[in-house]
Each structure stands twice: as C-alpha cells, then as structure tokens.
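Working notes, beginning with the structure itself.
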Amino acid sequence: MKYLHLVWSGLFRKKFRTILTLLSVIVAFLLFGLLQAVNEAFQAGADQARADRLITNSRYSIIEMLPISYLPQIESVPGVKEVAFASWFGGSYQDRPAQFAVFPVDPERYLRVAPEIELSEEARERWRSTRDGAVVGQSLAERYGWQVGDRVTLVADIWPQRGGGNEWNFEIAGIYTSPESEQDEGALLFQWEYFDEARQFARGTVGWFILQVEDPDRAEEVSQAVDALFANSSNETKTQTEKAFAQGFARQFGDVGLIVTAILGAVFFTILVLTGNTMAQAVRERIPELAILKTLGFSDRAVLGLVVGEALVLIVLGGMLGLGLAAAALGGLSAALAGFGIQGISLSVVATGLLLMVALSLAIGLPPAVRAMRLRVVDALGGHQ
C-alpha cells in the first residue's frame, strides 16, 4: 500500500490515454455482467429441475399437442407415481407479450407433482371451485400489484376462443409461493377444463405430461416404457428428464452458453491486445524513470510490483465499475426481465469477474514488468542522455 501513490501517478501519467483504456475495460465487464446474467437465467430451469420428474411431449416437436387420452395409459406404467399435464398459452398482457409463463393445468394433479409450489388450502379450494380461476406466483403478483379477487385479461395470440374472441379473463383465486426459488413464482396457472371448453381448436389435447416417478434411479426405464406405449402411433412421444427438457427448451433460442462465450472471448481478446499495448508503451516511455527508481534503491522485485500493480489497478477499477453498471442496469430493468428469469448479477458472476480481472492484469502487466525488472540502470540512462 505504501507504493500506491507511485502506482496511481504512473498509471495517470497520460490521463487521456488511461481514461480511454479504462472506459474500454468498463464496457467489457459491463457486457460480461449482462451476458452472464442472461446465460444463468437460461440455465436456471435445468439447474432447478427435480430428479424425480419426467416430461413427455411430442417426439417431433415441442409445439405439437398430445391427446389427453394418453393420461390413463401413462398412469398405468410401473414406476409412475403421479401424472399431470400443461400447455403453453403465451398471450399478451397490457398490449405487449406476457413476460411471464401462462399454463392451463389441472389444479389437483399439478400441485401433487410440483411440491415446491406452496398454496393455502383456502386458495386451493377457491381455485378448484372457480371456473375461470387462476393462481399466480408471489413475485409476479407483487410486480403487477395483483391481489386475490382481481381480474386479469390476457389477449391470446395462439388460442382464440370458440366465439372468435381473443380475450381471456381470469379471476385470481390465490397467490402461491416457492421457497426453493423465486424464479418459480413468476407464472400464472389456470384451469385446463376452462381452457379446453373455451378454445376454438385442438380440444382434448395437452402440450406435455409431467410424470413423477417413484424411484429417480429408474427414470430411464420408465421413459422407455412410456414411449413404447405410443410407438408407431400418430402421436409418438419423447420422454426425458425435466433437466433435459429444460435444456432442450432453452436450445430453441440457440446455444446461449456458446454464444455468450464467443462474444466475451472476442471482447476480452480485444481488451487484452489493446490494454497490453497501452501498458507496454507506457513502460517504454518511462524507462529513464524506472532506472532512476533503481538508482534510488528500489529492488528489481519492487519495480516488477509497481508495473504489475498499475495493470491490476487499471483492470480491477474498470472491471468493478463495469460490473456495478451491469448490476444497476439489471436492477432498473428487474420488472421487465424477471419474466425471463433474469434477476441480477449473482455472487458467482462477481467471483468469476474478479478472477478474470486478476488473470487479465497478469497477462497485461507481466511482460512489460519483467522487461522493467531486467532493466540495467547504465543501459537505460545511457540510452536516454
């Protein structure tokens, strides 16, 4: 710490150049924070998947529907404990696409296979007895200020009603919580029977079945048995673990992890070249000054530490400012992004960012620092008379 003033004065010897370099580092870590938050959101569904749940959907496409008549056959498979079902509704809320999940489900069945959802008995009974009733997650209710008894209107973009209208009205019958993950509190669930009776087409079908198995170790065996029931039928199935299903759903948007890695790799390679050149140039300009420091008694290691310290201060300062800006941006957009599971910058992203900062600092600072350490005073002063 006693040499911090020397590090700071050396770093800002050319203020304009240092500020431009600092801004490039800030932008790099701002992108890092934002993109990593997106990547974590896409992985969250798979990370939170339960080992005792399987998903059965169409073998050929997730958007193809399956007959509800498959339900008793799936229930008869040995090893299957409970079966529920759901469909993708989509729709728009307040003149824009609903930024939260909307699923028609059978209340009793769904709550049995999803024990992470906590709903009071009073709310369960109200949901069962209200034809157009729906339950919403607590975080979703807080975001829109919804309360039990409120009416919510969604405009369908996939499922028009039999009468030709696109507006679906729901009464909020309850608000559920999910202590395991706040992300699970971002859905609206309503009665499948109401949905099936009112929709214009594809009645008697569901998007996918949710299976709870008695023994997670037999999940593969159960999956094969279920799919064998419908082999060579007009609606063949594909049964997989909930984690695999979540990963497949995320891959519809592309390999987000690979995209994020490619973008960040290009960004940090550019930063490495740009900042490395800046540090090398700064050290070349200060060869006489470094020689004088050695003349005054600074050891080779002390000179090495000063140059590496400049790189470390530059990268860490810019990196922390960039991550701070990313956190502020995600916090300001939390309401709009929560429906996508993007909730902010996690501690793991911050920790990874700090490791990157240290690695970049060493990669940028060590080459010129080693050159400065090996500098001979006579050669340095003699070459700059």
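The values are calculated or read from the model by the stated rules, or taken from the named source; none is laboratory data. Every value quoted in this text rests on a predicted model; they were computed, and no experiment measured them. Cβ sites come from the backbone with ideal geometry, for glycine too, and all protein chains shown count toward neighbours.
Here are some notes:
Okay, residues lined up against (1) under 19 Å from T205 (Cβ atoms); (2) crowded, with 18+ Cβ neighbours inside 10 Å; (3) modelled with pLDDT of 95 or more:
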| position | (1), (2), (3) |
| --- | --- |
| G90 | yes, no, no |
| Q99 | no, no, no |
| S129 | no, no, no |
| V136 | no, yes, no |
| S139 | no, yes, no |
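- Search result, residues across region 306-347 that are closer than 30 Å to G365 by Cα and either acidic (D, E) or at pLDDT below 70 (or both): E310
- Pick from region 12-31, criterion of a type in the set (F, W, Y) and assigned to a helix (DSSP H, G or I), ranking: surrounded by the fewest Cβ atoms within 10 Å (Cβ to Cβ): F16
- All positions within region 57-111 that are closer than 16 Å to E236 by Cα, in a loop (DSSP other than H, G, I, E, B) and among the polar types (S, T, N, Q): S61, S69
- Search result, residues across region 347-368 that are of a type in the set (S, T, N, Q) and surrounded by 15 or more Cβ atoms within 10 Å (Cβ to Cβ): S361
- Hits in region 199-242 (condition: of a type in the set (A, V, I, L, M), touching an Asp or Glu at 6+ places or on another chain (Cβ under 9 Å) and assigned to a helix (DSSP H, G or I)): A219, V222
Conditions tested, residue by residue: (1) in contact (Cβ under 8 Å) with a residue 40 or more places away in the chain; (2) crowded, with 21+ Cβ neighbours inside 10 Å; (3) of a type in the set (G, A, S).
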site: E108; (1), (2), (3): no, no, no
site: E118; (1), (2), (3): yes, no, no
site: E121; (1), (2), (3): no, no, no
site: R151; (1), (2), (3): no, no, no
site: G164; (1), (2), (3): no, no, yes
site: F170; (1), (2), (3): no, yes, no
site: E185; (1), (2), (3): yes, yes, no
site: Y194; (1), (2), (3): yes, no, no
